[in-house]
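Quick notes on the structure that follows.
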Amino acid sequence: MPSLWKRITFSVASALCVGSVAFLVVALSTERWVVGRILCKTGVDIVNASSPELDQFIGDIYYGLFQGGKTKRCGLGNRRSKIYIFPKLVQTLNGGLHMMVILFLLGAVGFALVSLSFCIYNARKVPYQSIKGHKGLYLWNFIAALFGALGVLCFLAAVKHHRLTERVANHGENLFVLEVLDDSLDWSFWLGVGSVGTHFAVCGVVAMSRMKLPKPEIKKPEELTISALDLLY
């Protein structure tokens, strides 16, 4: 049976693994990886809009790994539309890179669950094999962090170097050309980054579990010694 200190540290590590899985699942299922503003270039050119009038042609866009939405303003009021990455839009993007992002993040979820199972096992039992103990936990958390980091880096490359927002914004547009004024990474992306950080935190907690805390010394009661002289008195 593990000591109380080890049970506490591995319980904390288990909670961090659960947090990492939750971060990744929420990140995969939400639509706030990127937010930005889009300008209806066609509408501006038609009316020859000047600087004060440009605000009437500026809309917004947001999207995630599977879907999103946009609001375009081309002089006909706000027109909202839904964006679906699969099955057609992904064909106009760098489909291989986009699939790598999803697969890396799913791999990170899988290894985070493996790490969770090992943390629970170590909190309940003392492993007789090193791969089931600290070394195994270091390995699985390193792989989970690596997969998560590769996933967010691939997505960052798609946004910065493959004009992902511009391609998503103009998909399905036959009459209007939309220009991306600015875009930024939103909270869904940072959840993916946060999941990577939790695995390094798990490694730190696992390392702390190997610390040996000083045991409190219990003083024994002093035994009374009665000598022969004491009996004379």
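The values are calculated or read from the model by the stated rules, or taken from the named source; none is laboratory data. Since this is a predicted model, take the numbers as computed values, not measurements. In this analysis, Cβ positions are derived from the backbone assuming ideal geometry, glycine residues included, and neighbour counts consider all displayed protein chains. What goes into the accessible areas is simple: the full protein's heavy atoms, side chains included, and nothing from ligands, DNA or RNA. Shrake-Rupley method; radii C 1.70, N 1.55, O 1.52, S 1.80 Å.
Here are the numbers for this structure:
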read-out: Among the candidates Val90, Val25, residue that is in contact (Cβ under 8 Å) with a residue 24 or more places away in the chain and under 24 Å from the mean Cα position of the chain (by Cα); value: Val25
read-out: The range 61-79 residues that are in a loop (DSSP other than H, G, I, E, B), paired with ones that are among the β-branched types (Val, Ile, Thr) and open to solvent by less than 50 Å² (accessible area, probe 1.4 Å) (beta carbon under 7 Å, 6 or more apart); value: Gly64/Thr30; Leu65/Ile85; Leu65/Val101; Leu65/Ile102; Phe66/Ile85; Cys74/Thr42
read-out: Out of Val90, Val114, sole residue that is assigned to a helix (DSSP H, G or I) and farther than 20 Å from Glu31 by Cβ; value: Val114
read-out: Pairs, first free of Cβ contacts under 8 Å to residues at least 60 places away in the same chain and assigned to a helix (DSSP H, G or I) in the range 149-172, second buried (at least 20 other Cβ atoms within 10 Å of the Cβ) and of a type outside the set (Asp, Glu), C-beta under 6 Å, six or more apart; value: Ala149/Val196; Leu150/Phe104; Gly151/Val101; Gly151/Phe104; Gly151/Leu105; Val152/Gly192; Cys154/Val101; Asn170/Leu178
read-out: Filter pass, Val35 being in a helix (DSSP H, G or I), of a type in the set (A, V, I, L, M, F, W, C) and either touching a residue at least 24 places away in the same chain (Cβ under 8 Å) or surrounded by fewer than 15 Cβ atoms within 10 Å (Cβ to Cβ) (or both); value: no
